[in-house]
Amino acid sequence: MVYAPGKIVPIPAAIPHEAGDMVDRRIVPDLRWIAKRYPIYVTDGYSGRLPNGEHAGCRGCHVKHSDHYNGLAVDIVALNGSGRCDPAWRGITRLARWAEPAQNRPRSPFRWVGYNGDAGHGCGHHLHLSWEHARAPMFTLAQWVEVFPVRNQGVAQQPQPSTPPAGVAPPAGPQGGSEPGVTYERGPSGGVSTVQSGGVSPGGD
């Protein structure tokens, strides 16, 4: 776990993403590791107001209390995908199976994984990844975040204590991403935008 202070920061260029996407900096090393191994394109990370008054992320496309409002969740589509469940999504499907080997049993450090079998998610739509973290109100940085050890600038991160500080508990239940009826669509410039459409309410997302 990482108990260092969090901060909402831009996603680095090394991680393919929608322009302007941001996350809590404590999950950036994990995202770098994932991007080196899987053909991901992040369509949304943190959603909410920034200290300068501007807004990051999509508006109205995440359910109340989503981990997106803490900067500890990302929505992912296939890099160079077509918006359909086609061969470009094979890498995303592998990532989803790695992150959640069995339905509703995510691998640590993930708190909730939304993909095939979860309403409003899946191949051709999007993969949602949430990191386990201390309970925190919407638009507030969590006191601790669980991450996996990765090499950062040639130095392996040291394992952190496996138990959170006394009185600091993780939030209960899954906290996911998209509101019903939100679809990710690749635009003519290659970017991905959100489009309101029909849909089924995602379970726990």
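Among the residues making up region 66-123, those that are within 23 Å of residue 145 (Cα to Cα), out of contact with any His (no Cβ under 8 Å at 6 or more places or on another chain) and in a loop (DSSP other than H, G, I, E, B) are 66, 71, 100, 101, 103, 104, 106, 107, 108, 109.
Does residue 60 satisfy the condition of being modelled with pLDDT of 85 or more, part of a loop (DSSP other than H, G, I, E, B) and open to solvent by 10 Å² or more (accessible area, probe 1.4 Å)? So residue 60 does not fit the description; no. Scanning region 124-134 for residues being of a type in the set (Gly, Ala, Ser) and either closer than 23 Å to residue 150 by Cβ or touching a residue at least 60 places away in the same chain (Cβ under 8 Å) (or both) gives a total of 2. Of the residues that make up region 100-108, is at least one under 19 Å from residue 77 (Cα atoms), modelled with pLDDT under 95, of a type in the set (D, E, K, R) and surrounded by 21 or more Cβ atoms within 10 Å (Cβ to Cβ)? Looking for residues that are under 19 Å from residue 77 (Cα atoms), modelled with pLDDT under 95, of a type in the set (D, E, K, R) and surrounded by 21 or more Cβ atoms within 10 Å (Cβ to Cβ), one finds none in region 100-108, hence no. Is one or more of the residues making up region 149-169 at pLDDT 50 or above and surrounded by 22 or more Cβ atoms within 10 Å (Cβ to Cβ)? Looking for residues that are at pLDDT 50 or above and surrounded by 22 or more Cβ atoms within 10 Å (Cβ to Cβ), one finds none in region 149-169, hence no.
Could you grab me the full set of residues in region 43-57 that are in contact with a strand residue (DSSP E or B) (Cβ under 9 Å, 6 or more places away or on another chain), surrounded by fewer than 23 Cβ atoms within 10 Å (Cβ to Cβ) and at pLDDT 70 or above? Let's see the steps before the verdict.
Let us first name the residues in region 43-57 that are in contact with a strand residue (DSSP E or B) (Cβ under 9 Å, 6 or more places away or on another chain), namely 43-51, 55-57.
Next, only the ones that are surrounded by fewer than 23 Cβ atoms within 10 Å (Cβ to Cβ) stay: 48-51, 55-56.
Those that are in contact with a strand residue (DSSP E or B) (Cβ under 9 Å, 6 or more places away or on another chain), surrounded by fewer than 23 Cβ atoms within 10 Å (Cβ to Cβ) and at pLDDT 70 or above: 48, 49.
Of all residues in region 117-137, which are more than 14 Å from the chain's Cα centre (by Cα), acidic (Asp, Glu) and at pLDDT 95 or above? Within region 117-137, no residue meets the criteria. Taking region 19-36, which residues are assigned to a loop (DSSP other than H, G, I, E, B) and either closer than 11 Å to residue 71 by Cα or modelled with pLDDT of 95 or more (or both)? Once the filter is applied, which keeps residues that are assigned to a loop (DSSP other than H, G, I, E, B) and either closer than 11 Å to residue 71 by Cα or modelled with pLDDT of 95 or more (or both), region 19-36 yields only 21.
The values are calculated or read from the model by the stated rules, or taken from the named source; none is laboratory data. What you see is a predicted model; the values in this text were computed from it and never measured. No Cβ is skipped: glycine too gets one built from the backbone with ideal geometry, and neighbour counts run over all protein chains shown. Note: accessible area is taken over every heavy atom of the protein model, side chains too, but ligands, DNA and RNA are not part of it. Shrake-Rupley method; radii C 1.70, N 1.55, O 1.52, S 1.80 Å.
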